[in-house]
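The values are calculated or read from the model by the stated rules, or taken from the named source; none is laboratory data. Remember, it's a predicted structure, so these values are computed and weren't measured experimentally. Cβ atoms come from the backbone with ideal geometry, glycine included; neighbour counts cover every protein chain shown. Quick note on the areas: whole protein, heavy atoms, side chains included, nothing else; ligands and nucleic acids left out. Shrake-Rupley method; radii C 1.70, N 1.55, O 1.52, S 1.80 Å.
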Amino acid sequence: MHIKIPENELQMIHDRMEKIGVKNMSAYIRKMAIDGYYIHIDFSELLEIIKLLKIDSNNINQIAKVANSCGTVDSKTISDMKENHERVLKKVEKTFNKYLDIY
């Protein structure tokens, strides 16, 4: 199928594709023709949260290793770990609430 598109409308299509991060025009036009809309969700915040959770769990594991080998861990280390863990949990909650609001 071939269609003729005026230059100004073609630019509008390119602008919308760029705005939502789509590079394949054929796929974009098919999606729009069938559904009439295209939903693009940016998961970069979720990837950041996964990274933070990995760091957090590594920190907890290191503290557990020290506690198992020495028998004690100083309260400053535990306090710092708790603060960091609370920051990660707040970010998780904020991000997931944002995604839940979409649906």
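In terms of Cα to Cα distance under 19 Å, which aspartates and glutamates are near enough to Lys65, apart from those fewer than 8 places away along the same chain?
Asp56, Asp74, Asp80
Cross-link partners among aspartates and glutamates for Lys98, C-alpha distance below 13 Å, same-chain residues fewer than 8 apart left out?
Asp42, Glu45
Using a probe of 1.4 angstrom, how much of the accessible area of the chain is carbon and sulfur, in percent?
After summing per-atom areas, the C and S share lands at 57 percent.
Keeping all protein chains in place, calculate the accessible area per residue for the chain (probe 1.4 angstrom), answer in Å².
In whole numbers, the chain has 84 Å² accessible per residue.
How much net charge surrounds Leu10 when only the other residues with a Cβ under 12 Å from the Cβ of Leu10 are counted, with Lys and Arg +1 and Asp and Glu -1?
-1
Can you work out the base-10 log of I(q)/I(0) for the chain at q = 0.10, 0.17 1/Å, using the Debye formula on its C-alpha atoms alone?
-0.54, -0.88
Go ahead and estimate [θ] at 222 nm for the chain from helices alone: -39,500 (n - 2.57) per DSSP H run with n ≥ 4, summed, over the residue count, rounded to 500.
When only DSSP H runs of four or more count, the value is -26500 deg cm²/dmol.
Using the crude model of +1 on Lys and Arg Cβ and -1 on Asp and Glu Cβ, and no other charge, please compute the dipole size for the chain relative to its Cα centre, in debye to 20.
I would put it at about 200 debye.
Write out the chymotrypsin sites (Phe, Trp or Tyr not before Pro) in the stretch 27-98 meeting two conditions: DSSP loop, and at most 12 other Cβ atoms within 10 Å of their Cβ.
Taking the stretch 27-98 and a limit of 12 other Cβ atoms within 10 Å, the loop chymotrypsin sites (Phe, Trp or Tyr not before Pro) found are Tyr37, Phe43.
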